[in-house]
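Engineer: For reference, the structure I am asking about is given below.
The values are calculated or read from the model by the stated rules, or taken from the named source; none is laboratory data. Fair warning: this is a prediction, and the values are worked out from it, not measured in the lab. Note that we place each Cβ from the backbone using ideal geometry, even for glycine, and neighbour counts take in every protein chain shown. SASA here: full protein model, heavy atoms, side chains in, ligands and nucleic acids out. Shrake-Rupley method; radii C 1.70, N 1.55, O 1.52, S 1.80 Å.
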Amino acid sequence: MTKFKGIIYASLGAAFFGISSIIAGLLFNRCSIAPGWLVTTRMLFSGLLLLAWLAITKHNIFSVWSSVKSSLRIVAFGIFGVLFAQSSFLLSVYYGNAAIATILQSLGPSIIIIILAIKSKAIPRRLDIIAIFLSLIGVFLLVTNGNIGELSFSASALVWGLLSALGVCAYTLIPCPLIKEHSPLSLVAWALLIGGVISNFLHPVTNLPKNFDQTDLLLVSLIVVVGTLLAYSLYINSLKYTEPHIVGMLGMLEPVTAILISTLFLGVSFLGFQQLGIFVVFLSLFLINFPTKKNKKTKRKKYVLFFLILFENISYLWFNLCCSRNKVDTFSACFCCCLIVPNFPS
């Protein structure tokens with residue numbers, strides 16, 4: 001039951017991240033909102049709210065400032081990690097769409113493997129090497145749709161999406177020494193606040209966009225509360241109840257959520273080779289998070305079975321979607337869920 005709780009937390013956290021990117025895309029299309037202003041608002045208020053909640057629940061939120069070394073690292077985490085990742089990601093959404101941005105950001109784990117391999121002077125696992133090549137092939141197919149001489153979407157969206165993948169690397173690696181000594185949620189809260197304060201100098205939160213109405217305010221509030229505060233809290237707390245590699249695999253629900261919502265409700269469509277590219281990127285993420293210890297052979301078989309069922313049902317839903325003109329019937333979705341959930345490895 002405890003493990004199932006962790007699975008629910010990780011799934012909801014990843015899905016909320018995906019939904020927040022969709023909402024950001026809606027905001028960019030609704031009014032003349034600048035990505036920089038949204039970054040400032042999102043980070044500043046979510047950081048303040050998260051710190052307030054941690055203080056109310058009696059967490060020591062100031063422990064990270066106990067030494068100069070940790071203080072400098074949390075500042076670097078806020079600026080070069082969270083702020084850089086958030087800014088580049090939202091700019092990718094702005095110039096492209098949420099689905100494209102989340103898929104390009106998914107290159108982050110492959111780049112992390114390369115960085116760690118160079119740092120440790122060790123050769124990555126065979127699965128990781130395969131995953132890196134698959135992620136590159138997948139992004140190539142997504143970007144070109146098999147035609148080398150032409151991009152399938154804006155070059156700006158591609159550049160910012162690739163930079164957001166680098167942001168994921170910085171966001172993941174910079175706080176590693178701090179996580180051993182401090183609460184991960186406290187680190188994220190301070191990083192959000194620091195990044196928000198720095199961003200506020202460039203894009204003041206007081207400079208409201210033109211034609212900003214109550215609907216826009218509601219959408220921004222959803223990004224702050226659901227897409228940032230709840231998403232980070234659920235995703236990080238899931239690590240208390242289940243293994244990191246399971247949480248990493250469930251993180252794939254972020255691009256899946258963004259793709260399904262974009263395709264179902266926003267009229268975004270992908271061509272044949274682009275769909276293949278998306279599938280290949282997902283496969284690379286699965287391989288990166290796949291456990292390979294010998295004493296886990298039985299468990300690996302369960303994971304293989306689960307993800308085969310997962311990908312089979314995602315493919316079925318996609319096929320159903322394409323054949324029914326952007327509509328998936330409720331029975332099909334429920335049927336797939338009934339197959340996927342009971343098969344999650346315990």
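Engineer: Would you tell me the accessible area of Tyr9, worked out with a 1.4 angstrom probe on the heavy atoms of the protein chains, in Å² to the nearest 10?
Structural biologist: 60
Engineer: Over 30 Å between Cα atoms: which of Lys58/Lys180; Lys5/Lys58; Lys58/Lys210 fall into that group?
Structural biologist: The answer is Lys58/Lys210.
Engineer: Hand me the trypsin sites (Lys or Arg not before Pro) from the range 105-195 located in a DSSP loop with no more than 12 other Cβ atoms within 10 Å, in residue order please.
Structural biologist: Passing sites in the range 105-195 are Lys121, Lys180.
Engineer: Right, here's the next one. Does the range 179-297 come out rounded, prolate or oblate, given a ≥ b ≥ c as the square roots of the eigenvalues of its C-alpha gyration tensor, rounded meaning a/c under 1.5 and, failing that, prolate meaning a/b above b/c?
Structural biologist: Cα axes put the range 179-297 in the oblate bin.
Engineer: Can you give the accessible area per residue of the range 51-126, in Å², using a 1.4 Å probe?
Structural biologist: Ligands and nucleic acids excluded, the figure is 53 Å² per residue.
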